[in-house]
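The structure's right below; bear with me while I get my questions together.
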Amino acid sequence: MRDLSKWFFAAGALCALAGMAWGIQMSATHDHTLSPAHGHLNLIGFVTLTIYGIYYALTPDAAQSKLAPIHLGISLLAVIILVPGIAMAISGAGETLAKVGSIVTIATMGLFIFMILRHGVGVKQ
């Protein structure tokens with residue numbers, strides 16, 4: 001997939017923007033109840049997606065693999081499930097979504113490890 005790293009970077013930047021806005025909202029309302037969900041949005045959404053994007057930018061062989069777009073999709077799904085799941089768990093609406101999101105998040109890291117071991121890091125010479 002061409003521009004795979006671009007999609008990881010764009011998604012990461014969107015998560016950072018949403019996390020910043022959410023942080024401002026929490027500060028303005030003096031209600032930090034959902035700060036763990038906010039923190040996971042920043043960590044899994046911004047930091048992790050951006051690191052994945054850096055890896056794929058540095059390792060074009062990995063970015064061209066058939067697993068790379070799947071990695072993107074699962075990574076986005078992880079953020080979409082995990083962050084609301086944590087917010088729901090904190091709010092008392094159940095922990096199921098947070099648990100599912102956690103498993104999907106672990107799967108994205110497992111796939112990342114696989115990609116590193118399979119393709120290495122950087123351009124092959």
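What is the one condition in (1) small (Gly, Ala, Ser); (2) more than 16 Å from Phe46 (Cα to Cα); (3) in contact (Cβ under 8 Å) with a residue 12 or more places away in the chain that Ala93 does not satisfy?
(3)
Kindly provide the set of residues from region 17-37 that are over 16 Å from the mean Cα position of the chain (by Cα) and over 14 Å from Ile86 (Cα atoms), ordered by number. Before the answer, list the steps.
Restricting attention to region 17-37, the residues satisfying the condition of being over 16 Å from the mean Cα position of the chain (by Cα) are 21-35.
Ala21, Trp22, Gly23, Ile24, Gln25, Met26, Ser27, Ala28, Thr29, His30, Asp31 - these are the residues of region 17-37 that are over 16 Å from the mean Cα position of the chain (by Cα) and over 14 Å from Ile86 (Cα atoms).
Of all the helices (runs of 4 or more DSSP H) wholly in region 1-83, which have at least 1 residues that are within 18 Å of Leu111 (Cβ to Cβ) and hydrophobic (A, V, I, L, M, F, W, C)?
Values: elements: 4-29, 35-40, 49-58, 60-63.
The helices (runs of 4 or more DSSP H) meeting that bar are 4-29, 49-58, 60-63.
Consider Leu67 against the criteria (1) without any contact (Cβ under 8 Å) to a residue 12 or more places away in the chain; (2) more than 24 Å from Ala93 (Cα to Cα): it satisfies all of them except one. Which criterion is unmet?
Failing condition for Leu67: (1).
Values in this text are rule-based calculations from the coordinates and carry no lab data. Source: prediction; values computed, not measured. Quick reminder, even Gly has a Cβ in these numbers, built from the backbone with ideal geometry, and neighbours come from all protein chains shown.
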